Amino acid sequence: MKNPLGKLLVLGSIIEILIFVCAYLMQPSLEETFRHAARYSGRLSFGVFLVTFYLFTYSHQKPINENKRLRYWLILFAVVHIIHFGFLATNVVLNKIPIVPIKLTGGALAYLMIVCAPLVLHKLKLGWQLVYFNYVSIVMIITYVARAKGDFEGAQPFWFHYLALITLVFCCLLFGWKIWKATKN
């Protein structure tokens, strides 16, 4: 396969399948399988987002529609996050997790932005592109703060939540500073 986007999508899909299979092998009840698949799929999305944000930071002067590598990673992020949403929604239904509509609003907007980004982000000015990356980062930060505090049903605070939180805050500050510095020059 010579298409780099195709390779990324196949790799992302294989990793998602492996996450699901491992979750099933470790937790054979469907409820726990989907709980763990959602958790680890979210971590994959987190990693793909950081790579995407990094690529944007160091190439934002070049229009996104001319930057195939960044576009491919935006598409990959959207695809793995849609898969994550499937695991997450199934987990909520199977485990009868109560839904708090006010808490879902911010995440729903982030999902919408993530899915639309590969289609429209290249048409937007730098300021709106920064809104996208920073908003998605803030939603992820809020999610990891909630996880670190133990506010997620069925998930205890874990060292990874703190590491992800520190990494996200650090990357937001570093990437923001790099972009600000580049636009000043």
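Miscellaneous remarks
- Enumeration of residues in region 160-185 that are more than 16 Å from Gly47 (Cα to Cα) and open to solvent by 40 Å² or more (accessible area, probe 1.4 Å): Leu173, Leu174, Trp177, Lys178, Trp180, Lys181, Thr183, Lys184, Asn185
- Residue list for region 1-14, restricted to those being closer than 15 Å to Ile75 by Cβ, without any contact (Cβ under 8 Å) to a residue 40 or more places away in the chain and part of a helix (DSSP H, G or I): Gly6, Lys7, Val10, Leu11
- Per this entry, Val80 is counted among residues that are within 14 Å of the chain's Cα centre (by Cα) and open to solvent by less than 30 Å² (accessible area, probe 1.4 Å).
- Candidate set: region 126-137, residues that are more than 18 Å from Gly47 (Cβ to Cβ) and touching a residue at least 24 places away in the same chain (Cβ under 8 Å); chosen: the one least open to solvent (accessible area, probe 1.4 Å): Gln129
- Scanning region 98-125 for residues that are more than 30 Å from Glu32 (Cβ to Cβ) and surrounded by 14 or more Cβ atoms within 10 Å (Cβ to Cβ) yields Met113, Ala117, Pro118, Leu121, His122, Leu124.
- Answer residue from region 22-65, given it is in contact with a His (Cβ under 6 Å, 6 or more places away or on another chain) and in a helix (DSSP H, G or I) and is most open to solvent (accessible area, probe 1.4 Å) among those: Asn65
- Odd one out for Leu70, checked against (1) without any contact (Cβ under 8 Å) to a residue 60 or more places away in the chain; (2) over 23 Å from Gly6 (Cα atoms): (2)
- Filter result for Ile75 (surrounded by 12 or more Cβ atoms within 10 Å (Cβ to Cβ) and not hydroxyl-bearing (Ser, Thr, Tyr)): yes
- Odd one out for Val92, checked against (1) touching a residue at least 12 places away in the same chain (Cβ under 8 Å); (2) open to solvent by less than 60 Å² (accessible area, probe 1.4 Å): (1)
- Residue, most open to solvent (accessible area, probe 1.4 Å), within region 138-159, restricted to residues that are in a loop (DSSP other than H, G, I, E, B) and free of Cβ contacts under 8 Å to residues at least 40 places away in the same chain: Gln156
The values are calculated or read from the model by the stated rules, or taken from the named source; none is laboratory data. Everything numeric in this text was worked out from a predicted model, so none of it was measured. Ideal geometry is used to build each Cβ from the backbone, glycine not excepted, and the neighbour counts take in all protein chains shown. Note: accessible area is taken over every heavy atom of the protein model, side chains too, but ligands, DNA and RNA are not part of it. Shrake-Rupley method; radii C 1.70, N 1.55, O 1.52, S 1.80 Å.
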